[in-house]
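Below you'll find the structure, written out as structure tokens, and then a few comments.
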Amino acid sequence: QVQVVESGGGLVQPGGSLRLSCAASGAIFSSRAMGWYRQAPGKERELVAAITSGGTTNYADSVKGRFTISRDSAKNTVYLQMDSLKPEDTAVYYCNAKYDAANYWGQGTQVTVSS
């Protein structure tokens with residue numbers, strides 16, 4: 001069974017930065033893709049950023065220019081560097097690891113942007 005673990009969430013002031021990490025372990029092969037999703041109270045879960053095994057990235061329009069997704073393939077780990085944070089970024093952030101037969105989700109990490 002694949003284990004997906006996120007870390008790095010916390011409380012930050014508007015305009016500040018956070019760096020989230022996500023490690024997927026227990027799989028024989030590397031993931032096809034990994035990504036970050038977020039869900040705020042009363043809203044649907046949405047894609048924030050994703051990166052494929054080939055290095056192709058995809059971002060939500062709301063975070064383009066502020067967030068950067070990267071990966072360490074050897075460690076099967078993905079990072080999300082979040083800069084210029086806004087209160088609207090407040091949400092639980094979930095990591096997803098996609099394999100040929102299934103998707104695996106982490107438990108989520110809380111990001112709160114408030115003054």
Exercise for the section: Could you tell me the accessible area of I69 in Å² (1.4 Å probe, neighbours in place), rounded to the nearest ten? Expected result: 10
Handout entry: Rounded to the nearest 10 Å², the accessible area of L11 at probe 1.4 Å
Key = 130
Problem - Inverse mean reciprocal Cα-Cα distance (Kirkwood Rh) of the chain, Å - result: 14.1
Exercise for the section: Find out how many positive minus negative residues lie around A23, taking Lys and Arg as positive, Asp and Glu as negative, among other residues whose Cβ is under 12 Å from that of A23. Expected result: 0
Problem - Total charge dipole magnitude, the stretch 16-81, about the Cα centre, Cβ charges on Lys, Arg, Asp, Glu only, Debye to nearest 20 - result: 80
Exercise for the section: Determine ³J(HN,Hα), in whole Hz, for all residues of the stretch 79-89 in sequence, where each value follows from phi through the Karplus function 6.51 cos²θ - 1.76 cosθ + 1.60 and θ = phi - 60°; x replaces Gly and Pro. Expected result: 10, 10, 8, 10, 10, 6, 5, 10, x, 5, 7
Exercise for the section: List, in order, the whole-Hz ³J(HN,Hα) value for each residue of the stretch 28-34 obtained from phi through the Karplus relation with A = 6.51, B = -1.76, C = 1.60 and θ = phi - 60°; use x for Gly and Pro. Expected result: 6, 10, 5, 5, 5, 7, 9
Exercise for the section: Could you rank S31, S115 by how accessible they are, 1.4 Å probe, largest area first? Expected result: S115, S31
Handout entry: Estimated vicinal HN-Hα couplings, Hz - the stretch 6-20 in sequence order (Karplus 6.51, -1.76, 1.60; Gly, Pro = x)
Key = 9, 7, x, x, x, 9, 9, 7, x, x, x, 9, 9, 10, 9
Exercise for the section: Return P(r) of the stretch 60-115 (all Cα-Cα pairs; 5 Å bins starting at 0; whole %; ordered from short to long distances). Expected result: 4, 14, 21, 26, 18, 10, 4, 1, 0
Problem - Unit charges on C-beta of K, R, D, E only; dipole of the chain, Debye - result: 100
Handout entry: Cut-off 10 Å between beta-carbons: net charge of the residues surrounding T52, Lys and Arg +1, Asp and Glu -1
Key = +3
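The values are calculated or read from the model by the stated rules, or taken from the named source; none is laboratory data. What you see is a predicted model; the values in this text were computed from it and never measured. When we count neighbours, we look across all protein chains shown, and the Cβ atoms used for this are built from the backbone with ideal geometry, even at glycine. Heavy atoms of the whole protein, side chains included, go into the accessibility calculation; ligands, DNA and RNA do not. Shrake-Rupley method; radii C 1.70, N 1.55, O 1.52, S 1.80 Å.
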